[in-house]
1. I'd like the full set of residues that are in contact with a Gly (Cβ under 7 Å, 6 or more places away or on another chain) and of a type in the set (Ser, Thr, Tyr), limited to the range 50-84.
2. Of the numbered conditions (1) within 16 Å of the ligand (Cβ to nearest atom); (2) within 17 Å of the chain's Cα centre (by Cα); (3) not polar (S, T, N, Q), Leu110 satisfies every one except a single condition; which is it?
3. I'd like the residue in the range 198-213 that is within 25 Å of the chain's Cα centre (by Cα) and hydroxyl-bearing (Ser, Thr, Tyr) and, out of all such residues, is farthest from Val245 (Cα to Cα).
4. At least 1 residues that are among the hydrophobic types (A, V, I, L, M, F, W, C), on the phi > 0 side of the Ramachandran plot and surrounded by fewer than 22 Cβ atoms within 10 Å (Cβ to Cβ) in each: list the helices (runs of 4 or more DSSP H) lying fully within the range 50-156 that qualify.
5. When residues of the range 214-260 are filtered for being within 22 Å of Lys121 (Cα to Cα), under 21 Å from the mean Cα position of the chain (by Cα) and among the charged types (D, E, K, R), how many remain?
6. So which residues in the range 35-56 are farther than 30 Å from Gly320 by Cβ and not aliphatic (A, V, I, L, M)?
7. Inside the range 1-56, can you point out the residues that are among the small types (Gly, Ala, Ser) and away from the ligand (no atom under 12 Å from the Cβ)?
Amino acid sequence: MNFSIALAPGDGIGPEVVEQAVKVLDATGDKTGHIFNYVELEVGGCAIDSTGEPLPPETLEFVKQCDALLLGAVGGPKWETLPGRLRPERALLGLRAGLGAFANLRPVRLLPQLRTACPIKDEILVKSNADHKPEFDILIVRELTGGLYFGEHGRSADGKIAFDTEKYSWLEIERVLRMGYDAAMGRSKKLCIVDKSNVLESSRLWREVASVVSKDYPAVETNFLYVDNAAMQLIRDPGQFDVIVTSNLFGDILSDEASVLTGSIGMLPSASLGAATNRGRRMGIYEPIHGSAPDIAGKDLANPLGTILSAAMMLYYSFGLEKEASLIESAVGATLDSGLRTADIASASGLTVSEKIVGASAMGDAVVRAIENRL
Ligand code: NAD
């Protein structure tokens, strides 16, 4: 089959990691008989430089014509002094809102090959794991088009008071909760809603909606945690979690925290989805959870695996290509098995004899080879 993919490499390490994901997609297409056509677009800082806007309206219209969007990262010091509405990160909000991508799925899995890159002790990791293995597998579902990032922002006339508003409607909460429950049904059937309902009225509405929606999923065990406790529990006993559903702000922070448990922020993929269409395809934005990492940009040091795994999520969620997505995931596993590591995922206690540090490009090539060698 043919698929059209909008590519927005963005800024900093964005182009370096997207280049690797494209190589991997092409290898997957060659192996499985699919054709991926790409349209490269500028969003973020690079778009500001060439057009004065982080997301020109025609760029959004172009993306809407495609089947999915693969994004690198946007932002960097060059644009940090611009006013809020002209900052590169505005492009992300514009894409999410413009494409109706209201749920951000962030799988946080500790791969056995990266056990030594995880800073948590074995005895903590095995605590809630039925198999007594030092592993965990969490899916964070973050609400993406509401809450604090989209509420009213402002300053008083003298500029000495600033405010941002956390606002949620029943509909916004219900649709993301349903996305979480649907995912939980295909996993361990445990769902934790993270909020701050002891203080925030919006969180109390989350609980009200959950009390209604949960009735449609009697097989799923639902529990609630305050966000401060959840931040602690993620470190104290990550194995207790299956699916976590939470607001835009809390999800942003908790998923960065959780990423450290997997060895590096460079490992984590994400899918931002809206409602399914009846064409059998679902538009989605696929991107690693990390930013543009200006400190390592242009040096071939970035870990491309989060972006490569985001491409696998694209095949699964937007194109319904389950086997092809698994092919990429298993090729990533085989590459790690072979001992290749980017610097960020080398053993926390120093390189072990079987590990070899490589750059982004060599890591991408190795995943391509692993795909070519798969039966
Ligand atoms: P960051 O994620 O870019 O970097 C944090 C740290 O993680 C840095 O030390 C970086 O070197 C490292 N890192 C990140 N990705 C890595 C990778 N793939 N491989 C190896 N190491 C990696 O976060 P930041 O420094 O807070 O932000 C930098 C810029 O990125 C800012 O302008 C910020 O606004 C932007 N940002 C963009 C996005 C996005 O595009 N979705 C997300 C977060 C931050």
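1. The answer is none; no residue qualifies.
2. All conditions are met except number (1).
3. Top of the filtered list is Ser202.
4. Counting at least 1 such residues, we get no helices (runs of 4 or more DSSP H) at all.
5. Counting residues in the range 214-260 that are within 22 Å of Lys121 (Cα to Cα), under 21 Å from the mean Cα position of the chain (by Cα) and among the charged types (D, E, K, R) gives 3.
6. Gly45, Cys46, Asp49, Ser50, Thr51, Gly52, Glu53, Pro54, Pro56
7. Those that are among the small types (Gly, Ala, Ser) and away from the ligand (no atom under 12 Å from the Cβ): Ser4, Ala6, Ala27, Gly29, Gly33, Ala47, Ser50, Gly52.
For every residue, the table says whether it meets (1) part of a loop (DSSP other than H, G, I, E, B); (2) in contact (Cβ under 8 Å) with a residue 12 or more places away in the chain; (3) of a type in the set (D, E, K, R); (4) exposed (fewer than 15 other Cβ atoms within 10 Å of the Cβ).
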residue	(1), (2), (3), (4)
Ala219	yes, yes, no, yes
Thr222	no, yes, no, no
Ala230	no, yes, no, no
Asp256	no, yes, yes, no
Ser259	no, yes, no, no
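Quick note: the coordinates plus some simple rules give every number you see, no bench work behind them. Please read these numbers as outputs of a predicted model, since none were measured by experiment. All Cβ positions, glycine included, derive from the backbone under ideal geometry; neighbour counts span all protein chains shown.
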